[in-house]
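Undergrad: I'd like to ask you about the structure that follows.
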Ligand code: 26Q
């Protein structure tokens, strides 16, 4: 058996053509001359897949043999993005495949465009999981990514009359060449029912859960290739199937339609990704999803991955489950149940093992986003788990009483069970009590997590808390998305940067090299041209080539403050049309937004409407032609991000300080040579520290200033009254200028800003505008701007997710 990863020899174009035609003929059952684009895409994907298969099998065998500790990444979301390009890159087959397709008379770019990306995530958290598994494969860390194979991923966004309309994302409908169902690894999962306790002859009690309905989990395996290192790890996503036993019963009772309905009911569990990424409702189906994938995953590892005779007392030597936010936290009582009820462990023994098997990553600071489940619902769906949670809590609270005698207030504050407004389980507290480690996702966030979200816990267990700043994979977000920059980098400093991003430092001296700056600008220009060609075809947009490209892409949220960006645009527009600023004084700008709003988040949808309305009027106004344009291409996703980010000059990271846990788009922009305008929030803080103050446009209140301002009583209307530029801007919006005179249509956003403004956009308006003037001035000096852009690239190597993974290994998984 091979002991290390084996890198396969490079295949030939002839061999590739032969395999491709074989897949087309015998896989798709068609002739090249008869085949559709989709036939060709599927055949190409299956061809690439074949080149990965030997490495996949070999990696699996090597992992089984080596018996090392595995990382079990538990995440309800993986926002993978398209697979074909990534897998061609990982296997170094890009050129061979392109030439092979050319010989068949096929343009490979057209085939790549056929792929519907697996959008199995909402945004940052899901994309982070995808970056992490990429890095772990590239670093040859034994990893299993566990998650849910949603039949419908994040909705497809369209606009009708400037308003968001959601369409289902049926990403599987044209065939899914990257997945492998494994029916032999199916798992049975129970729900509902009750618990039974019996007492043995020796007096020991034994509890058993008797569920009243079950579903099957069907695993689908996805390849996670490392970058040209012969490693292919596995992502295992679960799909819900009806059990035969269940419907047979009903069939036998003669009720055919009822049986079919039962099947549909079971299969609903993995039907659709919930599109809310904050303040989610406590929906029963969502809890079913969470328990479903977690139960499948634990069973899969314990009973189908470990050797049959493995002593589970040593489980922590073989697995660490990383909890990607609280969504998989029900895994904690599930492992306790497995060990105590099924494997005969004593409670204390099981607790000891469980505590060492889990670590928890928190991704939020918003109190309303902290997940809680009502005791009523949890007890109905998972009665045994609720009992276990109660016992964990009892023993934990005893520990608190011992550490802080007489402090019953503290005990109530720290209880895993909240009493108000209804009795419910605080999942973040459960994760903190049970996990060996708790981490935030950027330095500032981890600090606020300790001080604001979980202060009592960090006082009790200071050593539990740590930080791991997020990162992004340079393979997808630089090497694949920005081929031109990648070639320039490789020509300049060699190709080592792709797997050792700190080497971008070697670029620093070139910031002062005029011919390198010229090349760097050429790369940006060509990326812009490519983007504008795409947006012309995709969205019918015509954008000027020369203007500064100013990009704000992220989920639509009040705290992220897309409205602040919008106020800036309106203010620029007003300055121009009112003559306060002469055309020749204006630095031409194109602003691009990309954002999906949760379908039930009404204010967010009103903001989308307003952005589209402003874009319509601005773009049609001849007075600002070529000086100011606004584009809002629909359906921002990973695929579009890969086109937008490499073309951007300016990255908008303008959340209210203390609200954005980290951000990861901010990192992608910096690595692609955009300058950031941003608040002192999340990972912006670290970006600014690394790239240098002079290469970053900082504005806005700091987190402590936000706190003080709020404590003093924040009244947005006062800011409006006392800031003339703001007043003009809001008045222009409120007048209906952008909505064909309809004042009613803008009222939801305007009224909210004037009377609520929960995220203090108005308070930061002046500071933001002032920073934007600095941006305009800086952009007017191309040499200085380019120098800053190059330094952003050179100094952002820290934000590789490879570094994040090293930090997790060092601070969390190896301890
Ligand atoms: C929870 C329960 C029920 C339904 C939905 C949810 C849910 C789903 C997704 C709650 C939250 C999310 C996603 C959160 C998220 O993406 N957070 C972001 O995580 C990034 C990676 O750490 C950070 O960079 C961002 O700052 C953070 O907002």
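Undergrad: Just rank 701, 336, 53, fewest to most, by other beta-carbon atoms within 10 angstrom. Walk me through the numbers before you get to the answer.
TA: On the way: 701 21, 336 24, 53 12.
Ranked by crowding around the Cβ, least crowded first: 53, 701, 336.
Undergrad: Something else about it: Given segment 474-799 reduced to its alpha-carbon atoms as identical point scatterers, what log10 I(q)/I(0) does the Debye formula return at q = 0.09, 0.13, 0.15 Å⁻¹?
TA: Cα-only, vacuum Debye calculation for segment 474-799: -0.45, -0.95, -1.26.
Undergrad: With a cut-off of 15 Å, note down the residues of segment 77-97 whose backbone N falls inside the zone around a label point 7 Å from the Cα of residue 18 toward its beta carbon.
TA: Under 15 Å, as judged by backbone N against the label point of residue 18, lies no residue of segment 77-97.
Undergrad: Here is a follow-up. Could you work out the relative contact order of the chain, using alpha carbon pairs under 8 angstrom and six or more residues apart, expressed as a whole percent?
TA: Values: 1463 pairs, mean separation 101.0, N = 815.
Relative contact order comes out at 12 percent.
Undergrad: Quick one: compute the contact order of segment 474-799, relative version, from alpha carbon pairs under 8 angstrom and 6+ residues apart, as a percent.
TA: Numbers: 514 pairs, mean separation 77.3, N = 326.
Averaging sequence separation for qualifying contacts and normalising by length gives 24 percent for segment 474-799.
Undergrad: Return the percentage of antiparallel bridges among DSSP beta bridges fully within the chain, rounded to the nearest 5 %.
TA: On the way: 37 of 81 bridges.
So the antiparallel bridges in the chain amount to around 45 percent.
Undergrad: Please report the spacing between the Cα centers of segment 648-668 and segment 713-780 in Å, no decimals.
TA: Here the answer is 20 Å between Cα centres.
Undergrad: Another question about this same structure. Could you list the square roots of 5 times each eigenvalue of the Cα gyration tensor of segment 212-300, that is, the equivalent ellipsoid semi-axes, sorted largest first and rounded to whole Å? Present the calculation step by step, with values, prior to reporting the outcome.
TA: Working: eigenvalues 189, 72, 22 Å².
In descending order the semi-axes read 31, 19, 10 Å.
Undergrad: Under the 0.36 nm per residue contour assumption, what length would be gained going from the current alpha-carbon distance of residue 623 and residue 743 to full extension?
TA: Working: separation 120, 0.36 × 120 = 43.20 nm, distance 2.32 nm.
Extra length from residue 623 to residue 743 when fully extended: 40.9 nm.
Undergrad: Continuing with this model, one more query. Pulled fully out, how much extra length does the chain show between residue 207 and residue 356, if you take 0.36 nm times their separation in residues and subtract their Cα-Cα distance?
TA: Working: separation 149, 0.36 × 149 = 53.64 nm, distance 2.36 nm.
Stretched out fully, the residue 207 to residue 356 stretch lengthens by 51.3 nm.
Undergrad: If I model a spin label as a point 7 Å beyond the Cα along the Cα-Cβ vector, how far apart are those points for residue 422 and residue 34 in nm?
TA: 5.9
Undergrad: Could you work out the relative contact order of segment 438-494, using alpha carbon pairs under 8 angstrom and six or more residues apart, expressed as a whole percent? It would help to have the intermediate numbers written out before the result.
TA: On the way: 40 pairs, mean separation 19.1, N = 57.
This gives 34 percent for segment 438-494.
Undergrad: Right, another one. Taking the Cα centroid of segment 129-202 and of segment 17-90, what is the distance between the two, rounded to the nearest whole Å?
TA: Centre-to-centre (Cα) distance: 19 Å.
Undergrad: To continue, here is another question. In nm, give the distance between the simple-model label positions of residue 257 and residue 166, each being 7 Å from the Cα along the Cα-to-Cβ direction.
TA: 3.0
Undergrad: Percent of alpha carbon pairs in the chain separated by more than 37 Å? Present the calculation step by step, with values, prior to reporting the outcome.
TA: Details: 150240 of 331705 pairs.
Counting every Cα pair in the chain, those more than 37 Å apart make up 45 percent.
Undergrad: Turning to a different aspect of this structure: Separation between the residue 346 and residue 581 pseudo-spin-labels, each 7 Å from Cα along Cα→Cβ, expressed in nm?
TA: 7.3
Undergrad: Tell me, how many Å apart are the Cα centres for segment 570-602 and for segment 290-341?
TA: 51
Undergrad: Arrange 152, 41 by Cβ neighbour counts within 10 Å, fewest through most, would you? Display every interim value, and only then the final one.
TA: Working: 152 19, 41 24.
Ranking 152, 41 by Cβ neighbours within 10 Å, fewest first, gives 152, 41.
Undergrad: Right, something else. Could you list 327, 385, 420, 755 so that the one with the fewest beta carbons within 10 Å of its beta carbon is first and the one with the most is last? Don't jump to the answer; show the numbers that get you there.
TA: Working: 327 25, 385 22, 420 6, 755 11.
Lowest to highest Cβ neighbour count: 420, 755, 385, 327.
Undergrad: Please compute the Kirkwood hydrodynamic radius over segment 669-796, one decimal place, Å, based on all pairs of different Cα atoms. Before the final figure, lay out the partial values.
TA: Working: mean 1/r = 0.0603 Å⁻¹.
This gives a value of 16.6 Å.
Undergrad: I would also like to ask the following. Counting only DSSP beta bridges with both residues in segment 474-799, what percent are antiparallel, rounded to the nearest 5? Before the final figure, lay out each step's value.
TA: Working: 0 of 18 bridges.
Roughly 0 percent of the DSSP beta bridges within segment 474-799 come out antiparallel.
Undergrad: Per DSSP H run of n ≥ 4, the term is -39500 (n - 2.57); total these for the chain, divide by its residue number, and report the mean residue ellipticity at 222 nm rounded to 500 deg cm²/dmol. Display every interim value, and only then the final one.
TA: Details: 31 runs with 363 residues, N = 815.
Mean residue ellipticity, 222 nm, calculated: -13500 deg cm²/dmol.
Computed from the coordinates by the stated procedures, all read-outs in this text should not be read as laboratory data. Because the structure is a prediction, the values reported are computed rather than measured. We place every Cβ from the backbone using ideal geometry, glycine too, and count neighbours over all the protein chains shown.
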